[in-house]
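Participant: Sharing a structure here in structure tokens format.
The values are calculated or read from the model by the stated rules, or taken from the named source; none is laboratory data. In this text the structure is predicted, and so the values were computed from the model without any measurement. Quick reminder, even Gly has a Cβ in these numbers, built from the backbone with ideal geometry, and neighbours come from all protein chains shown. Heads up: the accessible areas ignore ligands, DNA and RNA and are worked out on the full protein's heavy atoms, side chains in. Shrake-Rupley method; radii C 1.70, N 1.55, O 1.52, S 1.80 Å.
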Amino acid sequence: MPSQGRRTTPLPKGWHRTRARILKRDGHVCQWPLAAGGLCGEPANQVDHKLGAAQGVDDHSDGNLWALCQWHHDQKTGREASAVAHAKPPRRRPAEQHPGLIN
Ligand SMILES: [Zn+2]
């Protein structure tokens with residue numbers, strides 16, 4: 001039975017501390033390698049297992065953890081079949097015009 005997006009193993013004790021440590025180590029920057037070279041570089045708010053339950057791995061050591069932006073985390077965990085995993089996430093849309101400027 002498919003269980004995409006669902007964690008099959010519980011997070012380790014003190015995960016919130018581990019998570020904070022990894023985010024700090026990676027500078028709160030997404031570590032996803034881009035096909036063109038370099039890293040994604042978007043602000044990261046997720047800590048992800050490079051190899052996880054999907055690969056039959058239960059490794060919560062720092063070396064198996066990395067910071068990802070929400071977009072890449074979603075790409076990795078939610079839509080693994082998607083072919084756009086190496087595309088850049090969309091930039092934030094520009095600020096809307098002040099209503100006072102619209103006539
Ligand atoms: Zn990213």
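Participant: Q55 versus K13, label points 7 Å from Cα toward the beta carbon: distance in nm?
Facilitator: Placing both labels 7 Å along Cα→Cβ, they lie 2.7 nm apart.
Participant: Over the stretch 15-81, with every protein chain in place, what whole percent of the accessible area is carbon and sulfur at 1.4 Å, could you tell me? The partial results should precede the final answer.
Facilitator: On the way: 1950 of 3610 Å².
Carbon-and-sulfur percentage of accessible area, whole number: 54.
Participant: Also, I was wondering about something else. Taking only protein heavy atoms into account and a 1.4 Å probe, give the accessible area per residue of the stretch 11-55 in Å². Spell out each step's value before the answer.
Facilitator: On the way: 2700 Å² over 45 residues.
Per residue, the stretch 11-55 has 60 Å² of solvent-accessible surface.
Participant: So, one more: Would the stretch 15-81 count as rounded, prolate or oblate if I go by the C-alpha gyration tensor, calling it rounded below 1.5 in a/c and otherwise prolate when a/b exceeds b/c, oblate otherwise? Each step should come with its number before you reach the end.
Facilitator: Details: a/c = 1.66, a/b = 1.06, b/c = 1.56.
It is oblate, given that a/c is not under 1.5 and a/b is not larger than b/c.
Participant: Please report the accessible area of W15 (heavy atoms, 1.4 Å probe, ligands and nucleic acids excluded) in Å², nearest 10.
Facilitator: 40
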